[in-house]
Amino acid sequence: MAGTEVKVPDIGDFKEVEVIEVLVKPGDAVAKEQSLITLESDKATMEIPSPSEGKVSQIKVKVGDKVSKGSLILMLEGEAPVQTPKAPEASKPASPAPSAGSDLECDVVVIGAGPGGYSAAFRAADLGMKTVLVERYPVLGGVCLNVGCIPSKALLHTAAIMDGARALASHGISFGEPKVDLAKLRDFKNKVVGKLTGGLASMAKMRKVTVMQGTATFLDKNRVQVDGKTLRFNYAIIAAGSQAAKLPFLPDDPRIVDSTGALELKSLPKKMLVIGGGIIGLEMGTVYSTLGARLDVVEMMDGLMLGADRDLVNVWQKFNAPRFDKVMLKTKTAKVEAAKDGLKVSFEGADPKTYDMILVSVGRVPNGKKIGADKAGVTVDERGFIKTDSQMRTNVANIFAIGDIAGNPMLAHKAVHEGHVAAEAASGMKSHFDARVVPSVAYTDPEIAWVGLTEDEAKKNGTAVGVAKFPWAASGRAIANGRDEGFTKLIFDAETHRVVGGGIVGTGAGDLISELALAVEMGADATDIGKTIHPHPTTSESVGMAAEVFEGVCTDLPPQRKK
């Protein structure tokens, strides 16, 4: 096998990726699977392994070169036997004992390939564990990447650009009304999804994670069945997620959709009803409104986007009033009749109306009862949640649960951190999920983001706090952007002045909230935040200025009364 060419293998959608490190030199003896070079793209760092053992005769790349699939890396001579370095025994658990009753065996199986699941699987593989990732859909990424977070943000971005273009008329820049090509818009959304899911498939391959497509159900505490095949494991991480809640009285009609159906963009309704005033429904309502639909919203509770402080939501509601014909609070949907000319909806306490389309967004239900967890002895509550300890371990010692199925809040970024903890705990590390706070974001326009203790919660619980707000009407960047309707609010412990929470409403609020999350995690006080120099002019300045307001030293607002 003298003179073997070693080329860059299939690395998914990555092209023209930069070589950042060459790990071998001419004359080196290399083992099969030994890393040869390191590549870095804007999404990942990856090492390219040797396909066989041998001696390096020539290096064909250098640091800084750009390579793609098929690029020549080096030449290998002969098959010089090389001892592959062994990992310390403690680095991974013992492999499962051979079993005649299984088709496949592994150290850890991860059930569900959403953000939490693939993160858990990749972390387990990085820790040296033989890992199998089971996903019922043909591609990785779960609800979030395929029919949730990512495609909805792609459409929200498009909607924001359209709304921004219309707003430029007041700046003296006018465009004609946009022409909407639904097929091209769907294609754009699908390409965004495909780029991310393709990247996941490549990273799974690089880590030698075995991906099984199918539905997993437990047979016992060491075996699952995946579409007829039996998989034996030492550890399992349940990341089976959740599904959209359904209303039993609704007829089966293609004009009635959940969030997944809404993302398909099959048609553009003239009149649309959103059942449920939560974040998901209002995000998708924003998209359809910008594309031309008139909206009604019906909500059983007394407010929209419950969980966020009312003063934040009020800013959003005032800004978005033109989108809505009617917002019905404390109102139940009683009946829906599907007719040829529309969907006739009856409400309790409101006049009936007819709609072209109904988006049902009344929450999500965890999938805990769909995986046969009881056969493994795992306790699942009546709602479908699986209780865990701080290591994400269930009542069965070798089985973990993460993400939506492990409890609220049902957020991808929480699931990712829980997945890392579960994988590390399974490998023997003393890892715990001990985050103080988990930020929440409504990607509406304007965005609403909050973290930690809210002002409404503090009032309800009688917690002594100090609250400071900086209005974006005093922010140079917000004014220059023509979007000064928002504000930044910090909530401090009344005694220690440490920040315990906060909220932001305005464009890009979701990107700004991370500073508040870090401040809470680090135990920062008002002086720490206020004395941190923020770049000018930015909306991020509003965080530091809100802290200055609390301390009474802000010079970007009229003088404050002395406390």
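For this structure, a couple of remarks:
- The distance between label points at D126 and E348 comes to 5.0 nm (points 7 Å beyond Cα on the Cα→Cβ vector).
- Crossing angle, helix 412-426 versus the chain [Cα axis fit, 0-90 degrees, rounded to tens]: 30 degrees
- Rel. contact order, % - alpha carbon contacts under 8 angstrom, at least six apart, the chain: 11 percent
- Extension gain, S174 to N314, is 47.4 nm, computed as 0.36 nm per intervening residue step minus the present C-alpha separation.
- Rounded to the nearest 20 debye, the dipole size of the chain about its Cα centre is 900 debye, using +1 on the Cβ of Lys and Arg and -1 on the Cβ of Asp and Glu.
- Taking other residues whose beta carbon is less than 9 angstrom from the beta carbon of G403, and scoring Lys, Arg as +1 and Asp, Glu as -1, yields -1.
- Compared with the alpha-carbon gap, the fully stretched path from E18 to D511 is longer by 174.7 nm at 0.36 nm per residue.
- Computed from backbone phi, the HN-Hα couplings of the stretch 485-494 come to 7, x, 7, 10, 10, 10, 10, 10, 5, 4 Hz, rounded to whole numbers (Karplus: 6.51 cos²θ - 1.76 cosθ + 1.60, θ = phi - 60°; Gly and Pro given as x).
- Residues of the stretch 194-219 with amide N under 20 Å of the 7 Å Cα→Cβ point at T38: 203-208
- Distance between the 7 Å Cα→Cβ label points at E521 and K326: 4.6 nm.
- Projecting the Cα atoms of A204, G363, S170 onto the charge dipole of the chain (Cβ charges, centred on the Cα centre) puts G363 farthest toward the positive pole.
- The Rg/Rh ratio for the chain, using Cα coordinates for both the radius of gyration and the Kirkwood hydrodynamic radius, is 1.01.
- When each of K387/K531; K189/K270; K55/K229 is checked by Cα-Cα distance, pairs over 31 Å: K387/K531; K55/K229
- For the chain, adding -39500 (n - 2.57) for each run of n ≥ 4 DSSP H residues and dividing by the number of residues yields -8000 deg cm²/dmol at 222 nm.
- For E47 and N395, a Förster radius of 41 Å and the Cβ-Cβ distance give a FRET efficiency of 0.60, rounded to the nearest 0.05.
- As a calculated quantity, the FRET efficiency between N408 and D556 at R0 = 56 Å, using C-beta atoms, amounts to about 0.90.
- Pairs from K271/K340; K318/K353; K332/K459; K332/K414; K153/K469 whose Cα-Cα separation, in the structure shown, is over 21 Å: K318/K353; K332/K459; K332/K414; K153/K469
- Distance from the alpha carbon centroid of the stretch 417-489 to that of the stretch 309-348 works out to 27 angstrom.
- Debye, to nearest 20: dipole size of the stretch 256-361, +1 on Lys, Arg Cβ, -1 on Asp, Glu Cβ: 300 debye
- The angle separating the long axis of helix 509-522 from the principal Cα axis of greatest extent in the chain is about 70 degrees.
- For the pair the stretch 159-187 / the stretch 255-271, the C-alpha centres are spaced 20 Å from each other.
- Charge dipole of the chain about the Cα centre (unit charges at C-beta), most positive-ward option of T488, W450, L219: L219
- Charge dipole magnitude, Cβ of K and R +1, D and E -1 - the stretch 170-252, Cα centre, debye nearest 20: 480 debye
- Between the helical axis of 310-320 and the longest alpha-carbon principal axis of the chain there is an angle of about 80 degrees.
- Think of it this way: in the chain, C106, C554 stand alone, with no other Cys Cβ under 4.7 Å.
Bear in mind that the values in this text are calculations on the coordinates, not laboratory data. Here the structure is a predicted model, which is why all the values come from computation and not from measurement. Don't worry about glycine lacking a Cβ; one is built from the backbone with ideal geometry, like all the others, and counts go over all protein chains shown.
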